[in-house]
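One structure is given here, and the rest of the page talks about it.
We did not get these values from a lab; they are worked out from the coordinates using the rules stated. Just so it is clear, the structure is predicted and the values come from calculations on it, not from any experiment. Ideal geometry is used to build each Cβ from the backbone, glycine not excepted, and the neighbour counts take in all protein chains shown.
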Amino acid sequence: MNIALIGYGKMGHEIEKIALGRGHKIVSIIDVNNRHDFDSDAFKSADIAIEFSTPDSAIENYHKCFEANVAVVAGTTGWLDHLDEVKKACEEDGKTFFYASNYSLGVNIFFALNKYLAKIMNDYPDYNVSMEETHHIHKLDAPSGTAITLAEGVLDNVERKENWILETESKPSDLAIHCIREGEVPGIHEIVYESDADVISIKHDAKSRKGFALGAVVAAEFAKGKKGFLGMKDMLNF
Ligand SMILES: NC(=O)c1ccc[n+]([C@@H]2O[C@H](COP(=O)([O-])OP(=O)(O)OC[C@H]3O[C@@H](n4cnc5c(N)ncnc54)[C@H](O)[C@@H]3O)[C@@H](O)[C@H]2O)c1
């Protein structure tokens, strides 16, 4: 498969290694200083563009891909206020767009576990629920996209919680997300249910960026030849 990389930072480099290892060809690499390459024949020859850039630049990059008719696997987080325009491009103009707030298989198993636990805990109001996420100091958005997906999993299933909120909850219906930025941590997410009697917590701790990069390349293989707005639930069977 011909792959274009958009954003050649920590994730872009990791994805390049994994894509080459799986027999794919990197036909174009676009970063902040060569954005004119969106108009190149090399970029247009890509089957898929894998995009891991910054929250502010992502949406413009997606439109560039749509203009060139190149399918997108989107990894950047923090751009979801533009979600409707991306979905519209998929539904009305037949574009292909795959998005996951987290591409790691382990995290997606964790998403399913989070929903299952939340369904059980809905019947036990003595437990309050809160979340904590820790990432490296370079991360631009907070809470992380993964934390938002986890929060949605709780809010959809625990009726006594209505909104997620950064830091401390101000009313019982708030789901507090505490965000820590330290060192080079690839990503830790923990959901904690606490009563007067005990604490139940589930935690995912990424050892490196490899899991995210592999998941993004597998998503690109899955999305090739498909149309519409796709996500992990289309690719995984749980
Ligand atoms: N979905 C997931 O599984 C997942 C996993 C890890 C990281 N992320 C997200 O991916 C994004 C990138 O993460 P990273 O760790 O590689 O960051 P990074 O800072 O190491 O790399 C970002 C790259 O994007 C480039 N860039 C900036 N503006 C650009 C533009 N207009 N066009 C093209 N490139 C541009 C930067 O120069 C840099 O090389 C972040 O939003 C992060 O939260 C998502």
Using alpha carbons only, how many degrees (0 to 90, rounded to 10) separate the axis of helix 210-223 from the longest principal axis of the chain? 60 degrees
For the chain, what Kirkwood radius comes out of the mean inverse Cα-Cα distance, in Å? 18.7 Å
Bridge orientation stat for the chain from DSSP, antiparallel percent rounded to 5, came to 35 percent
Quick one: which residues, 5+ away or cross-chain, put their amide H under 5 Å from the amide H of Ile29? H built at 1.01 Å from N. Leu5
Gap in Å between the Cα centre of segment 1-71 and the Cα centre of segment 85-139? 24 Å
Going by average Cβ neighbours within 10 Å, how do the peptides 140-148, 112-120 rank, with the highest at the top? 140-148, 112-120
Radius 13 Å from Cβ of Tyr193, net charge of other residues (Lys, Arg +1; Asp, Glu -1): -3
Give me the percent of DSSP beta bridges within segment 105-205 that run antiparallel, rounded to the nearest 5. 60 percent
Too long for a 22 Å Cα-Cα cut-off, among Lys17/Lys226; Lys17/Lys88; Lys87/Lys227, are Lys17/Lys226; Lys17/Lys88
Counting Lys and Arg as +1 and Asp and Glu as -1, each charge on the Cβ, what is the dipole of the chain about the Cα centre in debye, to the nearest 20? 1020 debye
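I need the peptides 53-61, 199-207 ranked by packing, meaning the mean over residues of other C-beta atoms within 10 angstrom, with the highest value on top.
Numbers: 53-61: 17.7, 199-207: 14.0.
Output ranking for 53-61, 199-207: 53-61, 199-207.
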Along each principal axis of its Cα atoms, how long is segment 105-205 end to end? Whole angstroms, biggest number first, please. 38, 31, 24
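Give the peptides 211-222, 75-86, 29-40 in descending order of average Cβ contacts within 10 Å, highest first. Show your work: numbers first, answer last.
Working: 211-222: 22.1, 75-86: 17.4, 29-40: 14.7.
So the order, starting with the most tightly packed, is 211-222, 75-86, 29-40.
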If amide H atoms are built 1.01 Å from N in the plane of the peptide, which residues on other chains or at least 5 residues away come under 5 Å of the amide H of His178? Met131, Glu132, Glu133, Glu167
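Working out 0.36 nm times the residue gap between Leu20 and Lys227, then minus their Cα-Cα distance, what length gain in nm do you get to one decimal? Before the final figure, lay out the partial values.
Working: separation 207, 0.36 × 207 = 74.52 nm, distance 2.47 nm.
Extra length available between Leu20 and Lys227 comes to 72.1 nm.
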Please report the net charge: other residues with Cβ closer than 12 Å to the Cβ of Tyr127, K and R +1, D and E -1. -3
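May I ask you to compute the full-extension gain from Ile200 to Ile165, defined as 0.36 nm times their residue separation minus their alpha-carbon distance, rounded to one decimal in nm?
Working: separation 35, 0.36 × 35 = 12.60 nm, distance 2.07 nm.
Residue separation times 0.36 nm, minus the Cα-Cα distance, leaves 10.5 nm.
Going down the table (Lys64/Lys95; Lys115/Lys161; Lys10/Lys95; Lys119/Lys233), which pairs top 23 Å between alpha carbons?
Details: Lys64/Lys95 12 Å; Lys115/Lys161 14 Å; Lys10/Lys95 27 Å; Lys119/Lys233 19 Å.
From the list (Lys64/Lys95; Lys115/Lys161; Lys10/Lys95; Lys119/Lys233), the Cα-Cα distance tops 23 Å for Lys10/Lys95.
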